[in-house]
Amino acid sequence: MEFNTEETDLPIPIYLNWQIVEGLLSQIEDGISRKSEITSISSEKQMRGSEVSGGAKAKIFGIGGGVEAGRKDGTENNAITQTKTEQYSTPTSSFAKLQKWLNTLGKIQQLKTETDFERLKSGIFVEFLAKIKNNPLAELTKTISQVALLAAAVNPNLRKVPKSRKVKGGTSAADVKSIQPVDVKSIQQADKIVSGLIDSSLLELVGELIEVRNVKAVFSVESENFVDEGADVLIDGEYRVLGKTIRVVKSENDSIDLLRNTNLSLLERKNIDEFKTAWDKIEGIRLPPFYTEVRSPAIQIIPIAIFI
């Protein structure tokens, strides 16, 4: 397929699932080769021949003389030169090729209006512009220990200092041991949540669609598929996302669970709610929004690429 670079956006992937790209191209092109050869042929004219020269002495009719003899002949041939150049496909070039194919075949549904969302079904290739947000629970627990330590240092209300058993010179050794943050239990629960998220091989991201109001997209990414940096480079940035829908949530009472790919999905809902309640009681700390599900309207996709 030939590309017109004037009509192509020349995407720069930040996240790219190369296995999916390779598999789709293989289906479209009935097999895929990572290497191709470009053969160029050139020709030029060459003269080919021989030249003989020399001198001979002869006496003719008794007269001495010298005769110089020489000969030059040749043929004109066309020489053909064949040059082969190996050309390798890169993940980015393969993705650009796949995107071009899918657009040409009319397989990608662009999400730009509310009508586009209403027409959306599961199993459809979809592309949209979104502001990427981290999993709110992961964002909360990512810095929970550091925030707790910092807050305890600057806010005395977070510590319980015993008022009894004072000794000369200050608090007794026994009292020092008893000085602990009020919310140790909450922090321990948070550590368990962090461990549960780290054990998961997938990172859940949430995209707020820019061109379709109030619609969110949920998708799981694998760290090995990031081209350069990790997922942190995506957070709060605006990127285009190409993927395939696996769920479209339109009912008001329906939602997408953000814990489904983590070990925390084994916990009862009340345990998570207890943690949230305990953590919300801490004063003097500004925390990100805490929620474990994305309500309707929303879509869940398998991401193929996140790009600019």
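The values are calculated or read from the model by the stated rules, or taken from the named source; none is laboratory data. Remember, predicted model here, so these are calculated numbers, not experimental data. No Cβ is skipped: glycine too gets one built from the backbone with ideal geometry, and neighbour counts run over all protein chains shown.
Out of curiosity, is Leu242 farther than 19 Å from Asn134 by Cβ, at pLDDT 95 or above and surrounded by 15 or more Cβ atoms within 10 Å (Cβ to Cβ)? First the steps, then the outcome.
Details: farther than 19 Å from Asn134 by Cβ: yes; at pLDDT 95 or above: yes; surrounded by 15 or more Cβ atoms within 10 Å (Cβ to Cβ): yes.
Yes.
When the residues of the stretch 214-236 are narrowed to those that are surrounded by 17 or more Cβ atoms within 10 Å (Cβ to Cβ) and not hydrophobic (A, V, I, L, M, F, W, C), which ends up modelled with the highest pLDDT?
Step one: list which residues in the stretch 214-236 are surrounded by 17 or more Cβ atoms within 10 Å (Cβ to Cβ), which gives 215-221, 225-226, 231, 234.
Checking the rest, the ones that are also not hydrophobic (A, V, I, L, M, F, W, C) come to 216, 220, 225.
Working: Lys216: 97, Ser220: 91, Asn225: 93.
The selected residue is Lys216.
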I'd like to verify a number: residues in the stretch 222-266 that are under 19 Å from Phe290 (Cβ atoms), free of Cβ contacts under 8 Å to residues at least 60 places away in the same chain and not aliphatic (A, V, I, L, M), how many? 4
